[in-house]
Structure formats: C-alpha cells, structure tokens
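What follows is a set of notes on a single structure, which appears directly below.
The values are calculated or read from the model by the stated rules, or taken from the named source; none is laboratory data. Just so you know, these numbers come straight off a predicted model, no measurement behind them. Note that we place each Cβ from the backbone using ideal geometry, even for glycine, and neighbour counts take in every protein chain shown.
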Amino acid sequence: MNAHTNDDHGIGHVSPIWMLLGVFALLIFFTVMTVAVTYIDLGPANIWIALGVAVIKATLVGLYFMHLRYDSPFNSLILVCAFLFLALFIGIALMDTGEYQQNIGPPDTVRPVAG
Amino acid sequence: MSVIQDQVKVSGYGGQQGPGETNYINHSKGIMSWLLTLDHKRIGLMYMIAVLTAFLGGGLCAIALRTMLYMRSAPDVAPITTGTQDVYNQLFTLHGAILVFMFIIPAVPAILGNMILPLMLGAKDVAFPRLNLLSWYCYMAGATFFLFVLLSGGLDTGWTFYTPYSTSTSTSVAAATMGAFILGFSSILTGLNFIATIHMLRPAGMGWFRMPLFLWALYATSIIQVLATPVLAITLMLLAAERILHVGIFDPALGGDPVLFQHFFWFYSHPAVYIMILPGMGIISELMATFCRRQVFGYSFIAFSSIAIALLGFLVWGHHMYTSGQSAMTNAIFSLITFSVAIPSAIKIFNWLATMYKGSISLATPMLYALAFIWLFTIGGLTGVFLGALSLDIMAHDTYFVVAHFHYVMVGSMLTSFIGGMYYWWPKMFGKMYNETVAKVAWFLIFFGFNLTFFIQFIAGSQGMPRRYADYLPEFAIYHQISTLGSYVLAIGLFLVLYNWIQSLVSGPKAPQNPWGGNTLEWHTSSPPPHENFIEDPHVTEPYEMRAWDYDESIDGYVYDKAKAIELDKQSQH
Amino acid sequence: MSNEQKHTGDTGHGDNHHPPDHPAHLAHHFETPEQQFESGKLGMWVFLATEVLMFGGLFCAYAIYRGNHQDVFLYGYGALDKMWGATNTVVLLASSLTMAWGVRAAQKGQQKLLLTMLFLTFMGGVGFMCIKGVEYKAKWDHNLFPGTMNAFYYEAGQPKYPEKLEHAIEFIDGRNSGGNSGGEVQGGGGHGLLDADVPYDESPAIEHDAQQVGHDGAGHIVSASPVILTASFGAPADMSTIKPPASPADMGVNDAVIDHAGVLTTPSAEHTQVLWRDLSSAEQKKVHLFFGIYFMMTGLHGLHVLIGMILIAWLFWKAKKGAFNKDYFAPVDIGGLYWHLVDLIWIFLFPLLYLIH
Ligand code: HEM
Ligand SMILES: [Cu+2]
C-alpha cells in the first residue's frame, strides 16, 4: 500500500473544507428562512413550506455530511425505503382516523382512568 | 485455465472425518467460552436452548388452557368462578405472548439462520459477530422481564395489548412491554446482521441468483424485521408512557384514540406474521430440492415471491381492524389488498408442487415435514383469505375460526417447517444422526394431533364460539373435548421429538459430512463444522446442482466429485 | 487461506490485495479493510432506517392529533419558545459540521484536529442539552409536564388541578395574544374559563372577543380561529369539532373575520392565535395531549442526543489513544452517521413543534 504518500488515497470520500462550510452556510440560511416565514401568514402553505425546507435541509445533511452522494447507492435506498414505509404508515393511519373521528365521544363520556 | 481450476485439488471431499479433529463444539471449553463467544454457530446453539425453553413454557400454558376448557364440560368437578376465569385470561395471554415474541419470531432466524446462513455463504461468520452476541443477550434480558411478569401479577391483556384495557388492568403490563421491547431489539439486530452479511460476505461466484432460497427468505424476513419492529418498539414505549404517566394518546378517557393503538400495533404485527412464516418457507424450498433431488422449479419466482410477500405484508394490517371502528373506506381498501397477498404465497406452493413432480422423492423425516407444511399452509392461508373478506370477517372475527386460521399458519406451517429444518440440519449441527423410526412416529403424532386439535376449531368458530373465553355453551362441549384430546396427542408427538433429539445427542451414530446429498455450501464442510467453518474453501456452483455428489454406502453419505462438479458447472454456463 | 479467494459485495471490491497478514483492526471474517468498512456503514444505515421508523411512530401520532385537532396544537404551542428552538437548531447543525469535519480529519490522519472536532461536537451536544434543560425548566414551572403532571389534565371531565390550570391558561393565553402583535394580555383567569362544561357556542367569551376584534383591528382574528383553521388545514375531520354558528353573536364574529381578511395576508400580521376560550370543551380536555406528544418527541430525541454524546466521548477516548489513522477510521465515520441522524430528526421536529400555524 502506498497510501501513506498519497493524500487522497484511502477508504471513503474525503469532503473538502469549502464544501463542509458551504453546506453549513446553506443549512443556517434555511433555518433563518424557515423561522422568518412564520412571520408571514400564508394560510395552509405555511406548514408545507416549513416541511419543504426541512426536507431540503435533511437532504443536504444526508448527501454531504453523511456522504450519501459519494456512497454506495444502496445506502441511499435504505434511507428512502425507510421514509417510504413511514409515509405509508402515516398516510393510511391519517386517512383512517380522519374518517372515524366523529365517532369518538368526548373524553368525559368514557369511564375514568384507573390506577 | 480458470483461477478455480488452479486451486482445485481434483479429489473432492466428503469422506469421514478423522478422529481427534476439533469442531466448533469442542474447540474451546468452559462456560465463559460459550457466554462470550462470537462464533455464530455457538450463538445459534445458545439461542436454541433459550428458545426451546420458551417453547416449553408457552406450550405448557397451552396444555393448561385446553385442560381447563375440557374440565368446563364437567362443571360439577370444576366449577367456573371469577378466580378460574382470571387464571384462564392470564394463561392465554402468556401462552400467546411467550410463543409469539419468544418462540415463533426468533426460532428460525435466530437458531437455524445463525447456524446455517454463514455456512451457506461459505463465510467465516456473520458481518457483526458482536452484535450477534448482543442480540442473544437482549433475548435473555427480554425473557427475564417476562419471568418477572410471571412472578409479579401476570398479564391478562392478550398478546395484543389493546388499549384502553391494557392501560387500566392491574397486571404487569409495563414489565411485559419492556420485555417485548427488548426482544424486539434482539430481532432487529439479527435482521440487520443478516442483511449486511448477505450483501457483503457472499463468496466470489455466488451472485444473488445463485443464493440458496433459504437465504432469500431470510433476507426478506430481515427487511421486515428492520422496517416493522421499530414501530412495535415505539408503540410499546407509548403504552408504557400511557400506563406510567397517563399521557393519554391511546386512552379515550383522556381524549386519546384507542383505534390508533391498533394501527400502531398491527403495522408491526401483520408484517410480523411474515417474519414467522417466511423463513419457514425458505426451509421448505431447501427440503424440496434436496429430497426430490431436483433443481427447484421456478427458482426466481420463489425468490421474488419472498420479497413480494415481505413488501405486500406491509399493506394489509387493517384486516385485523375491520370490527374495531376502522372506517368503511379503509376496511374496503385493506380487504382488497389482503386478497393479493395470497398470490405470492400460492406461487410458492405451486412451484414446490412442480418441483416434486417427476422428482425422485425420498420420504426422509425432513421431507415428511415439508409435505405436512404444504398441506397445512394451504388450509391456513386459504382460511386467511376467507377472513380477509370483509363480510365474512365481521361474523368470524374473534371466534375460534380465527384461532384455527392462525394456528394452521403458525403451528401447522411455521412449527412444522422449523422441526423439519432442525431434522435436516441436525447432523450438520451436532455431527450425530437420529433414530429415523422414532422421528417418523413423532411426525405422525404431530400431524394427526395438530389436525385433531385445530380443524375442529374451524367448525366451532363458524358456529359462533368466541375466542378468549373460559366458558362456553353446552353445545360447544364436544368441540372443546375433541380439541383438547388432540392437543394431548400433539404434545406427546412434540415430546417424542425432544426425546429423539436428546437420544441422538447421547447415543446417535456419527453423521457423515453430507447425509442427504444437498449441494448448498453447508454440506461442503465437515459435520459438525470446524471453528473456522471451512478448512478448505468450498466450491461454489449452482446451489441445487446435486449430481456431483455420489452416494457412498460405507459411510451412508455423499461424497463430492469436484471434477464432475466443474464439468457440470461449465455445461450450465453455456 | 488463499489470497485469490475473493469476496464480492455490491460495491465491487474484489481486486484489493491486502497484506499477507491481516492488519490488526481487520476482523478475521473479512477479506479486506474496504469490505469491513463498507459492511460497517451498511449496518449503520440499516440501523438508521430502524431509527427513522421508530421516531416515525411519534411523527404519526403527531400528524394524527394535529390533523384532527389543529386548534389544540395552535393553542399548546404557545407555551414553546421559537427562539430557543431555533438556537438549538443552529447548535445542532454546528455540531454536525464539526462532526463531518472530524471525519475528514480522521480520514487524513490529522490527529489533533480530530480531537478538537470531536470535542467541539461533544460540546454541541452539551449546549443542546442545556438549552433543552432551560426549556424543560420553563415547562416544569408552569406545570406542563406530560400526563398526570400536566396542568391541563382532566379526570372524569373535571380539571385535576384547577389552580394550576388557571395559571397555565393565563401563561399560554398571555403568550398567544401578547408577544409580537403588541396586544395586551387578555383578561383571563375568571371562573368562567374553567367551566369546562360550557359548550363553545354558549360561551360568553365570544361576544367579548367580537368586541375585541372591533376595538383594535390589529389582526386579532383569534376568536374565529375555527373557521380559519378549517380553511387552512383542510382536513374534513375538523368539521366535527366546529359547531355551526348558532347565535347572532357567532355570525358577528365570522363577519369580523371576513372584514379583516386583508390583514391576514399582510406580512406584519402575527399568525393565527388561539386562546383558551376559543377551544371547544372537548378540545380543552385534549390540550394535555399536545404536551404529551411534545415531551415524547423531544424526550426520545434528547435521549438520542445523550447516546450520541456517549458515543462521541468514546470516540474521543479512542482517538486520544491513537486508535485511528487514515487506514482505519471507520468508527469515527459510523459514529458520525449516528450523530447526523440525530440532527436530521431535529430538523423535522423543529418546524413541527416550534413553528406551528
Ligand atoms: C395468505 C395469507 C394470510 C391471510 C390472507 C391472512 C388473513 C388474516 C386475517 C384477515 C385475519 C384477521 C382475522 C380476524 O381477527 O378477524 C388474520 C388473523 C391472524 N393471522 Fe392471518 N392471514 C394470512 C397468513 C397468516 C400467516 C402466515 C400467519 C402467521 C404465521 C398469520 C397469523 C395470523 C394471526 C396470529 C392472526 C390473529 C391475530 C389476533 O387477532 O390475535 N396469518 N389473518
Ligand atoms: Cu394479518
């Protein structure tokens, strides 16, 4: 192995410093932005904007801090799968609870908690 | 000249092991060499002892249950009181919880998977041996919690822990949820390990489609373990928070939503039923190939149907909630998707049947279990489809029909495939043969006893006998009596299996390296394997190409002809 | 064992000739350091997937309660402090930066830099936990801990701690109506507020609010929140919690909103605010659920921060002993992945809990 003489040879991807700092700057920018947006009332759009910004931030962290961009694509697939299954779970549960919500009586119509 | 040929001493292997050679069992001595071992085979054995002990405990609960129900038909002898009803509730809960979380989920992956998976890959170990050991300790810690539950007031919620009852009963729900939570961790660690191992430690020459089908099944199982079990973990954590702090997310008296608990629970627990059955299906694929001495019919269909079952299994959890207040629209959607799960299951069944067709079938004990599996899984799976139909399930839900359905799949299918797999790999694990006659008698008792116990429950259920009751109307007495008698036969059969195994350990004849002539890589090493699994690198070919193994009467086993194997391999490449 | 015998994983490392004797850090069952490194990473990613799904359960509970009880969330979130939340976000992002930088240092064999970065990352964790501590302390002071400790806890339809409840209402109402839009604290208190059995549309508070809207016109669209909420979340289920306007007073309120609709969209207006009296009596009994969910989510996350800190302390200790070099830094990389995931989850928790509309 001649890794000792060659700086960039080795296992894994070495992120340049400008990239780390750049990603960090973007993350801070988006954080400020998402807080700023709450001072503007955009109705239903607010929560989707907040979530959209969160997704962008998460993607940045994943791609660069967690090296996904330079990694085996299978690792990204695992993460995407996790989110897909989560979406499935939340989606169906949300749909169903929305449908039956009117059948749930107010709390004081139910027997008190024991213990 | 290929690299392979350079290496090959064209002599083959498979003769008797010389005396005095060490294997993984006698490799090192002392209790600490077991408790701190990182060897996947030893961890598999430790799992075997622990899991079979849990099986015994859960099984004894079942016998007690059935006996109570039998006695009920003679009320003068055993009058039913609230006291006996409480005992009954505790018994069926412990029976279910112990057998689900401590036996049926870990049984195949943690015992046979740990033992065989690295061998089938020609690897020295799983990817993360330390995590593997940790998973065993998690199992033991979870089991300890359940022991604590036993000693501290028991548990009477059913294995499903439904709220709001589970937030208000005075039994040890918090300890039981902690136990199941930790057991979940042990299951996650196993799954994680298998995924990484299958990805990273396959040998040169073994692409995905040269993997034994057992590994495909374990891979699909691992996906479910990894993606579903964490949801159980958070469910149980919230349930504990509910009990300890009264957070109220699932408690209607506090403004919570009890149906939401069921969504949480079944999002894990329906996929979990495939954690139970998929590895069993993998075993059946191996048994079919070896004992029909044939390439498995429709290899890639079986492989992909495992993955399809794993994924579809995530889409049907609502079929447990048709009558729980789930909305009509969701009911309809889940009912439709439930039917579709039958497709990949049926694909497997038909491919196994096609494998048997014109095969030279040998009715050795493992094969008998495989045949029982096909029979019983067909019944269990089809009644599952019945129950998936909304209109029928409204009537059959929470009756003995459901009890019969899931026992056909959990006991009839999963348990038979597990025992079949244990018999199949027994010589490999311990280097000993077992008494074939006793094994066959035990098989018959199990098959007969099982059907006697559970078939009648379909009828009782369709007549309206509800599940989880200590009491029943007189017209159901005959069903319960027959069922109880059947359960005794089943129990005798299972004890006979245990006797058979112990007797084999004590005085069984020495097993050859390859008693069945299978060609998956675990047969390419000695029985039992050495500490390092393989002395000589195994020769990777098509997993079910068995023609290079020749029967040798002097050792009652098969001997490998490597030259022939290379020749056959060349032919198959063209 | 022959060197020719290769293992191929999915990342296709087959041709790496490793030195004839295994390096010390290479476990016996791996062929090459690359294979070991990639396996470790794969294992960590699978584990992270389990973490995502475990937190996912909490996100699911959140989505369902928020979807079906929007105003309970609007009300309860008033107790949280956006600025602390944002500060903590920045702290965690910064510690993620130092962690990633630490991995770089490890890869390049820069021992001193690695130690510094690990230390800074650890301190980021400390900072995060301290701020969380400050926030939790504030909740504790106002009796907002979850379950039976919560001021909003009801038992058999009655508040369990009427006095604490009164105080908590004053606290949250004050924050919800005061703050940036400059309105004075509503004259809360009063026994009427605690009379949970007064149904929404009979509550005297409504007239009061209608007047309020009339007075200051500064965007106190509070009183009509249910109407706005339905529009803004769009979940049909919300309909069930909204009583149709039953009295002229109600109609008046709605009119007031429409009058002020323009104010809603102007940048200077503070967003929708909900006061205690705007909640229906059923919703009032669910306010404690908001705190239950808040504490479950931040609590589990905080636990993960703690575990991450232990991990980083361990890495620091190993690094100090010189365990890592450019050929062997996998634990730093893999530990880093865990730390980034903790950050990633917070990236979602922050807007969902602290930036509610
Ligand atoms: C062809 C595939 C299957 C289908 C369509 C199916 C369908 C169903 C349905 C609809 C129910 C709900 C019945 C009710 O409670 O009213 C049910 C219950 C159950 N099934 Fe299956 N099933 C299938 C396979 C399996 C397998 C392979 C297992 C386990 C190895 C299993 C285990 C269970 C269990 C444990 C329950 C009862 C849960 C409880 O209420 O305690 N099923 N099945
Ligand atoms: Cu199911």
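Taking region B:341-370 as the range and being without any contact (Cβ under 8 Å) to a residue 60 or more places away in the chain and in contact with a Leu (Cβ under 6 Å, 6 or more places away or on another chain) as the test, only B:Val341 passes.
Tell me whether region B:208-222 contains one or more residues that are within 11 Å of chain C (Cβ to nearest Cβ), under 25 Å from B:Ala97 (Cβ atoms) and either in contact with a strand residue (DSSP E or B) (Cβ under 6 Å, 6 or more places away or on another chain) or not acidic (Asp, Glu) (or both). Give the steps one after another, and end with the answer.
Start the filter on region B:208-222 by keeping residues that are within 11 Å of chain C (Cβ to nearest Cβ), which leaves B:208, B:222.
With under 25 Å from B:Ala97 (Cβ atoms) added as a condition, the list becomes B:222.
Adding the requirement that they be either in contact with a strand residue (DSSP E or B) (Cβ under 6 Å, 6 or more places away or on another chain) or not acidic (Asp, Glu) (or both) leaves B:222.
Yes, some residue in region B:208-222 is within 11 Å of chain C (Cβ to nearest Cβ), under 25 Å from B:Ala97 (Cβ atoms) and either in contact with a strand residue (DSSP E or B) (Cβ under 6 Å, 6 or more places away or on another chain) or not acidic (Asp, Glu) (or both).
For region B:272-301, the set of residues classified as among the aliphatic types (A, V, I, L, M), away from ligand 1 (no atom under 16 Å from the Cβ) and either modelled with pLDDT of 95 or more or out of contact with any helix residue (DSSP H, G or I) (no Cβ under 6 Å at 6 or more places or on another chain) (or both) consists of B:Leu287, B:Met288, B:Ala289, listed by residue number.
Can you find a residue in region C:107-114 that is over 30 Å from B:Gly256 (Cα atoms), among the polar types (S, T, N, Q) and surrounded by fewer than 22 Cβ atoms within 10 Å (Cβ to Cβ)? If you could, list the steps in order and put the result at the bottom.
Applying the first criterion (over 30 Å from B:Gly256 (Cα atoms)) to region C:107-114 yields C:107-114.
In the following step, the residues that additionally are among the polar types (S, T, N, Q) were identified as C:107, C:110-111.
Remaining after also requiring surrounded by fewer than 22 Cβ atoms within 10 Å (Cβ to Cβ): C:110-111.
Checked region C:107-114: at least one residue is over 30 Å from B:Gly256 (Cα atoms), among the polar types (S, T, N, Q) and surrounded by fewer than 22 Cβ atoms within 10 Å (Cβ to Cβ).
Can you list the helices (runs of 4 or more DSSP H) found entirely within region C:32-119 that contain at least 2 residues being away from chain B (no Cβ under 14 Å)? Walk me through it before giving the result.
Working: elements: C:33-68, C:70-76, C:82-107.
Once the helices (runs of 4 or more DSSP H) in region C:32-119 are filtered for at least 2 residues that are away from chain B (no Cβ under 14 Å), what remains is C:70-76, C:82-107.
Taking the criterion of being in contact with a Ser or Thr (Cβ under 6 Å, 6 or more places away or on another chain) and either within 16 Å of ligand 1 (Cβ to nearest atom) or assigned to a helix (DSSP H, G or I) (or both), the residues of region B:406-439 that qualify are B:Tyr423, B:Pro427, B:Lys428, B:Ala439.
Can you go through B:Thr167, B:Thr157, B:Thr171 and tell me which one is within 14 Å of chain A (Cβ to nearest Cβ), within 16 Å of ligand 1 (Cβ to nearest atom) and out of contact with any strand residue (DSSP E or B) (no Cβ under 7 Å at 6 or more places or on another chain)?
On the way: B:Thr167 fails: within 16 Å of ligand 1 (Cβ to nearest atom); B:Thr171 fails: within 16 Å of ligand 1 (Cβ to nearest atom).
Within the list B:Thr167, B:Thr157, B:Thr171, the selection yields B:Thr157.
In region B:332-360, of all residues being within 14 Å of chain A (Cβ to nearest Cβ) and more than 13 Å from ligand 2 (Cβ to nearest atom), the one that is farthest from B:Leu260 (Cα to Cα) corresponds to B:Leu336. Within region B:169-184, is even one residue among the hydrophobic types (A, V, I, L, M, F, W, C), within 30 Å of B:Phe534 (Cβ to Cβ) and assigned to a helix (DSSP H, G or I)? Within region B:169-184, none of the residues are among the hydrophobic types (A, V, I, L, M, F, W, C), within 30 Å of B:Phe534 (Cβ to Cβ) and assigned to a helix (DSSP H, G or I). Pairs linking a residue in region B:247-263 that is more than 7 Å from every other protein chain (Cβ to nearest Cβ) and assigned to a helix (DSSP H, G or I) to a residue that is buried (at least 24 other Cβ atoms within 10 Å of the Cβ) and at pLDDT below 90, with Cβ atoms under 7 Å and 6 or more positions apart or on different chains, are B:Pro258/B:Thr163; B:Phe261/B:Thr163. Taken over region B:316-331, the residue count meeting the criterion of being within 11 Å of chain A (Cβ to nearest Cβ) and more than 11 Å from ligand 2 (Cβ to nearest atom) is 8.
Condition check ((1) among the basic types (Lys, Arg); (2) in a loop (DSSP other than H, G, I, E, B); (3) modelled with pLDDT of 90 or more) across all residues:
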residue: B:Pro530; (1), (2), (3): no, yes, yes
residue: B:Asp537; (1), (2), (3): no, yes, no
residue: B:Tyr544; (1), (2), (3): no, yes, yes
residue: B:Arg547; (1), (2), (3): yes, yes, yes
residue: B:Asp550; (1), (2), (3): no, no, yes
residue: B:Glu567; (1), (2), (3): no, no, yes
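I'd like the full set of residues that are over 25 Å from B:Trp208 (Cα atoms) and of a type in the set (Gly, Ala, Ser), limited to region B:543-574. If the condition is that a residue be over 25 Å from B:Trp208 (Cα atoms) and of a type in the set (Gly, Ala, Ser), then B:Ser554, B:Gly557 are the ones that fit.
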